[in-house]
Amino acid sequence: MLCALLGVSRSGYYDWRDRGPGPRQQEDARLARQIEALFVEKRRTYGRVRLTHELQTRGHACGQRRVRRLMRAQGLCARPRRRYRPQTTDSRHDYPIAPNLLGQRPAPSRPDTVWVSDLTYLPTTAGWLFLAVVLDLCSRRVIGWAFSHQLNTSLPLAALRMALTQRRPAPGLLHHSDRGCQYASDAYRAELAAHGLVASMSRTANPYDNAAMESFYATLKTECLHPQPLTNPADTQAQVFDYLEVFYNRERLHSALGYKSPVDFEHQLN
């Protein structure tokens, strides 16, 4: 009666019922397994765009719409990006302020021509942990970092010295930061001068002058410190170290780099 009502033959219905999945359905099933495995491999941080690029790099013919459909069917969703809230730095001090030279330069085409640096707060249930990072603006690679329980000049100075040791840049490199007292201090300026680095600082109350660092910290806190802060600051340090050196620098695809990791992008330039 139902076959007659729907206008299909009984033999056609039984043939459809007993027929297995078609080639497209089988391929979707295989691709869905690949997507799920890759999603877990990339620490559940990739959305459809980065997953599609990674799959295509590995030889899978697929588009973003198909990847999105299969992700939805499996309930896979990347960690949502937190809304960006710029925070200004307290620059009420008597140290000299460097001019904003970064805004006068075109985007760097080679590594070790412009570095950007900043400080941030990492929450733990035992209190704040402070992090300083030095980022190469061309490759977006983290080249220096340091942790501290105190927000003083020794923190960004340790990150700068790590970057100098690892990269050994030629004199004339532009170093950009905010106007915080740590970066304007005598010790920090002396370290820059000793290695021939040119200081540049953001304008007053304008965090967008150091947008690359602000974006990096937003990514770090979304992908690495989610959802609950850890109890032990040492565990937070280990978690951030693993994210920076294992995942972010070497694996994470960056849209500004043509969906390459910072390390792969530098290798391509060399």
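Pairing residues of the stretch 99-126 that are in contact (Cβ under 8 Å) with a residue 12 or more places away in the chain and closer than 15 Å to ALA212 by Cβ with residues that are part of a loop (DSSP other than H, G, I, E, B) and among the hydroxyl-bearing types (Ser, Thr, Tyr), at Cβ distances under 7 Å and at least 6 apart in sequence or on separate chains, gives ASN100/SER202; PRO111/SER139.
When you check LEU76 against the structure, is it within 27 Å of LEU225 (Cβ to Cβ) and in contact (Cβ under 8 Å) with a residue 24 or more places away in the chain, yes or no? Spelling it out, LEU76 is indeed within 27 Å of LEU225 (Cβ to Cβ) and in contact (Cβ under 8 Å) with a residue 24 or more places away in the chain. Checking every residue in the stretch 69-76 against the condition of being in contact with a Pro (Cβ under 9 Å, 6 or more places away or on another chain) and either at pLDDT below 95 or within 25 Å of GLN239 (Cβ to Cβ) (or both) gives zero matches.
The residues of the stretch 55-69 that are hydrophobic (A, V, I, L, M, F, W, C) and surrounded by 14 or more Cβ atoms within 10 Å (Cβ to Cβ), listed by number, are LEU55, CYS62, VAL67.
Summed over the stretch 135-193, the residues that are hydroxyl-bearing (Ser, Thr, Tyr) and either part of a helix (DSSP H, G or I) or touching a Gly at 6+ places or on another chain (Cβ under 9 Å) (or both) give a count of 4. Is it true that some residue in the stretch 220-227 is over 20 Å from ARG43 (Cα atoms), assigned to a helix (DSSP H, G or I) and at pLDDT below 95? No, the stretch 220-227 contains no residue that is over 20 Å from ARG43 (Cα atoms), assigned to a helix (DSSP H, G or I) and at pLDDT below 95. When the stretch 35-68 is limited to residues that are among the β-branched types (Val, Ile, Thr) and either part of a helix (DSSP H, G or I) or modelled with pLDDT of 95 or more (or both), the one that is nearest to the chain's Cα centre (by Cα) turns out to be VAL49. Residues that are at pLDDT 95 or above, over 26 Å from ALA107 (Cβ atoms) and surrounded by fewer than 21 Cβ atoms within 10 Å (Cβ to Cβ) do occur in the stretch 191-204. State all residues of the stretch 93-134 that are outside any loop (DSSP other than H, G, I, E, B), under 25 Å from ALA238 (Cβ atoms) and polar (S, T, N, Q); if no residue qualifies, say none. If the condition is that a residue be outside any loop (DSSP other than H, G, I, E, B), under 25 Å from ALA238 (Cβ atoms) and polar (S, T, N, Q), then SER117, THR120, THR124 are the ones that fit. Filtering the stretch 205-215 for residues that are over 18 Å from THR120 (Cα atoms), surrounded by fewer than 20 Cβ atoms within 10 Å (Cβ to Cβ), among the small types (Gly, Ala, Ser) and more than 22 Å from the chain's Cα centre (by Cα) leaves an empty set.
Within the stretch 32-46, being out of contact with any helix residue (DSSP H, G or I) (no Cβ under 8 Å at 6 or more places or on another chain) and either touching a residue at least 24 places away in the same chain (Cβ under 8 Å) or within 21 Å of TYR243 (Cα to Cα) (or both) holds for ALA37, VAL40, GLU41, ARG44.
Quick one: in the stretch 77-98, of everything that is of a type in the set (Ser, Thr, Tyr) and either under 23 Å from the mean Cα position of the chain (by Cα) or closer than 19 Å to SER215 by Cα (or both), which residue is modelled with the lowest pLDDT?
If we filter the stretch 77-98 for residues that are of a type in the set (Ser, Thr, Tyr), which is where we start, we get 84, 88-89, 91, 95.
Narrowing further to those that are either under 23 Å from the mean Cα position of the chain (by Cα) or closer than 19 Å to SER215 by Cα (or both): 84, 88-89.
On the way: TYR84: 49, THR88: 44, THR89: 57.
Per the stated criteria, the residue is THR88.
May I ask you to verify whether TYR243 is among the aromatic types (Phe, Trp, Tyr), modelled with pLDDT of 90 or more, under 15 Å from LEU137 (Cβ atoms) and surrounded by 18 or more Cβ atoms within 10 Å (Cβ to Cβ)? So TYR243 does not fit the description; no.
State which residue is farthest from PRO111 (Cα to Cα) when the search covers only the stretch 258-270 and only residues that are touching a Phe, Trp or Tyr at 6+ places or on another chain (Cβ under 9 Å) and modelled with pLDDT of 95 or more. Only one residue fits best here, namely SER261.
The values are calculated or read from the model by the stated rules, or taken from the named source; none is laboratory data. Since we're looking at a predicted model, the values are computed, not measured. Here the Cβ is made from the backbone with ideal geometry for all residues, glycine too, and neighbour counts use every protein chain on show.
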